[in-house]
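Q: Structure incoming, see below.
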Amino acid sequence: MYETILTLHSYLAYVVLAVLFFAVANAFMGWFGNKLFTPQKDFRLSLYALILSHMQLVIGLILFFVSANGFKAIQTLGMGGLNAPSRLLAVEHPFINIVAIVLITVGWSRHKKFIEGNKKFKNIAIFYGLGLVCFLSRIPWGQWFN
């Protein structure tokens, strides 16, 4: 079961990052290009990024509690006993990714308050962009590509 959840979490991460990247790029192009915010493309792309990132969070939280590298590592070694790679998996990766999800959710909630497309794009570009940066900063790259 653990291997299945880990594999799902790893492969879904590629999808989440790709959709989030496209949502951020689309928002910046719409913001600086003064385009209209369309429900067919812009709304759906932002919504898919929100949904997929939340799905990734749920899978990641399940993984955190069933993995030996997550909560069990903190219980076994204590916070002071974690080395850098184990601290990344047990503390930094989950914490920063939860912050990223909060930023994305705030961006989604704020964009709905505006009527003008420019303000909608601006909120999505800023908050989704910050979420993307947070995601990219705490991916365990060394383990992801092995």
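Q: Quick one: in the range 60-70, of everything that is farther than 24 Å from residue 19 by Cα and assigned to a helix (DSSP H, G or I), which residue is farthest from the chain's Cα centre (by Cα)? Give the steps one after another, and end with the answer.
A: So the first thing to find is which residues in the range 60-70 are farther than 24 Å from residue 19 by Cα, and the list is 65-70.
Among the residues that remain, those that are also assigned to a helix (DSSP H, G or I) are: 65-66.
On the way: 65: 19, 66: 20 Å.
Looking at the filtered set, the residue picked out is 66.
Q: Something else now. Kindly evaluate residue 13 against the criterion of being aliphatic (A, V, I, L, M), in contact (Cβ under 8 Å) with a residue 60 or more places away in the chain, assigned to a helix (DSSP H, G or I) and under 30 Å from residue 115 (Cβ atoms).
A: So residue 13 does not fit the description; no.
Q: Please work out if residue 126 is assigned to a helix (DSSP H, G or I), surrounded by 20 or more Cβ atoms within 10 Å (Cβ to Cβ) and among the β-branched types (Val, Ile, Thr).
A: Considered against the rule, which asks whether it is assigned to a helix (DSSP H, G or I), surrounded by 20 or more Cβ atoms within 10 Å (Cβ to Cβ) and among the β-branched types (Val, Ile, Thr), residue 126 comes out as no.
Residues checked against (1) surrounded by 12 or more Cβ atoms within 10 Å (Cβ to Cβ); (2) in contact (Cβ under 8 Å) with a residue 60 or more places away in the chain:
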| site | (1), (2) |
| --- | --- |
| 85 | yes, no |
| 90 | yes, no |
| 99 | yes, no |
| 105 | yes, no |
| 109 | yes, no |
| 113 | no, no |
| 119 | yes, no |
| 136 | yes, yes |
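Q: Next question, about the same structure. Step by step: first the residues of the range 91-146, then only those that are in contact with a His (Cβ under 7 Å, 6 or more places away or on another chain) and not polar (S, T, N, Q), then the one that is farthest from residue 36 (Cα to Cα). Which residue is that?
A: Residue satisfying both the conditions and the ranking: 140.
Q: Separate question: Have a look at 57, 88, 20 and point out the one that is part of a helix (DSSP H, G or I), modelled with pLDDT under 90 and closer than 19 Å to residue 137 by Cβ. Before the answer, list the steps.
A: Working: 57 fails: modelled with pLDDT under 90; 20 fails: modelled with pLDDT under 90.
Being part of a helix (DSSP H, G or I), modelled with pLDDT under 90 and closer than 19 Å to residue 137 by Cβ holds for just one of 57, 88, 20, which is 88.
Q: Also: Scan the range 108-122 and give yes if some residue there is over 24 Å from residue 79 (Cα atoms), at pLDDT below 90 and in contact with a Leu (Cβ under 8 Å, 6 or more places away or on another chain), otherwise no.
A: There is at least one residue in the range 108-122 that is over 24 Å from residue 79 (Cα atoms), at pLDDT below 90 and in contact with a Leu (Cβ under 8 Å, 6 or more places away or on another chain).
Q: Among the residues of the range 30-46, write down those that are assigned to a helix (DSSP H, G or I), over 13 Å from the mean Cα position of the chain (by Cα) and touching a residue at least 40 places away in the same chain (Cβ under 8 Å).
A: 30, 31, 42
The values are calculated or read from the model by the stated rules, or taken from the named source; none is laboratory data. Since this is a predicted model, take the numbers as computed values, not measurements. Note that we place each Cβ from the backbone using ideal geometry, even for glycine, and neighbour counts take in every protein chain shown.
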